[in-house]
Amino acid sequence: MSTSNQPADYTPPKVWSWDAENGGEFAKINRPMSGSTHEKELPVGKHPFQLYSLATPNGVKVTVMFEELLEAGFTGAEYDAHLIRITDGDQFGSGFVDINPNSKIPALVDRSEEEPLRVFESGSILLHLAEKFGAFLPTASRERIETLNWLFWQMGSAPYLGGGFGHFYAYAPMKIEYCIDRFSMEVKRQLDVLDKQLATNRFIAGDEYTIADMAIWPWYGALVLNVVYSAAEFLDTDSYTNVMRWAREIEARPAVQRGKMVNRVWGDLSGQLAERHDASDFELRTGDKV
């Protein structure tokens, strides 16, 4: 890898200060403080669940979960999915911060309760919905714990893929060899962990499709299918044959096909659904349904 863009020798200052112009593509929305930057109420739709999100991998986890619940016949899982444009700073509006003080998508308000519940962090939302509907989370102790093992594995591992590898490989304003090498090594180690687990299991936690698959697929499935970061060749993802087999099987599920469209506002128009307020919203421009 070329090192032509390597920075000069750098010595950290005694006290770090924020350079608002540093940070590449996301410099305008990354900042070292929390809280709202402007007043903005959030819209509220007609369904029991109000989701505020964007079709990044973390957002796709939750829309896939909702679509899988509906596919399985849980009519009480009807939801409105409102678009949060993170590059515009929507996540710093006062209404969104009230739901998620961490200002990250996705954020959910469960209005099926007597007192509305705020639920933030994608793993927490998946677990909340699984327990509420009694679906996609085994009840037997051993299988339940195995599912939660992998759910929390994803929550702890994905920052190395997204904020680590993805940032320095795809978004950073300069290519830094050390950073790319460091995070490529870790991502390949994680893919090896998954590949060995899937060598003896159809799905991540065993023979049953669970919230662990829904959490892991939008990150690692999308990576090996070259949907995120365009890094499949660089990471030689075809060599992880068990992950590839699993990723393709999950991708073919009708609910996954719908879920990955929701709150998506880039790419082919046929794969975009900026907001979802009814199942009929999936009608494509041709009149066909997904």
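Fewest first, what order do Met155, Met65 take by the number of other Cβ atoms within 10 Å?
Fewest-to-most Cβ neighbours within 10 Å comes out as Met155, Met65.
Starting from the Cα of Lys46, step 7 Å toward the Cβ, then list every residue of the range 107-137 with an amide N under 15 Å from that point.
From the range 107-137, the list is empty.
Of Ala222, Asn242, Tyr169, which is farthest along the charge dipole of the range 141-259 in the positive direction, counting Lys and Arg as +1 and Asp and Glu as -1 at C-beta?
In the range 141-259, that residue is Ala222.
If each residue's Cβ is checked for other Cβ atoms within 10 Å, how do Lys260, Lys40, Lys104 rank with the fewest at the top?
Placing the least packed residue first, the sequence is Lys40, Lys104, Lys260.
PRE reach from Val193 (point 7 Å along Cα→Cβ): which of the range 157-175 fall under 17 Å by backbone N?
157-166
Looking at the chain, I'd like the Rg to Rh ratio, where Rg is from alpha-carbon atoms and Rh is Kirkwood's inverse mean 1/r.
Here Rg/Rh amounts to 0.97.
Might you report the magnitude of the Cβ-based charge dipole of the range 92-191 about its Cα centre, with Lys and Arg at +1 and Asp and Glu at -1, to the nearest 20 debye? If you can, show how the numbers build up before the last one.
Working: 10 positive and 12 negative charges, 80 e Å.
Roughly 380 debye, rounded to the nearest 20.
Would you kindly state how much longer the chain becomes between Glu131 and Met33 on full extension, computed as 0.36 nm times their sequence separation minus their alpha carbon distance, in nm to one decimal?
Contour length minus Cα-Cα distance gives 31.9 nm.
Provide the gained length on full extension for the span Arg202 to Leu269, in nm with one decimal, where the gain is 0.36 nm per separating residue minus the Cα-Cα distance.
Taking Arg202 through Leu269 to full extension adds about 20.9 nm, to one decimal.
Gain in length, Ala72 to Ala170, computed as 0.36 nm per residue apart minus the alpha-carbon separation, to one decimal in nm?
31.6 nm
Ignoring everything except DSSP H segments at least 4 long, calculate the 222 nm mean residue ellipticity for the chain; use -39,500 (n - 2.57) per segment, divide by total residues, nearest 500.
My calculation for the chain gives -10500 deg cm²/dmol from helical runs alone.
Read-outs: derived from the displayed coordinates by stated rules, not from any lab. Predicted, not measured: the structure shown is a model, and the values here were computed from it. Note: ideal-geometry Cβ built from the backbone for every residue, glycine included; neighbour counts use all protein chains shown.
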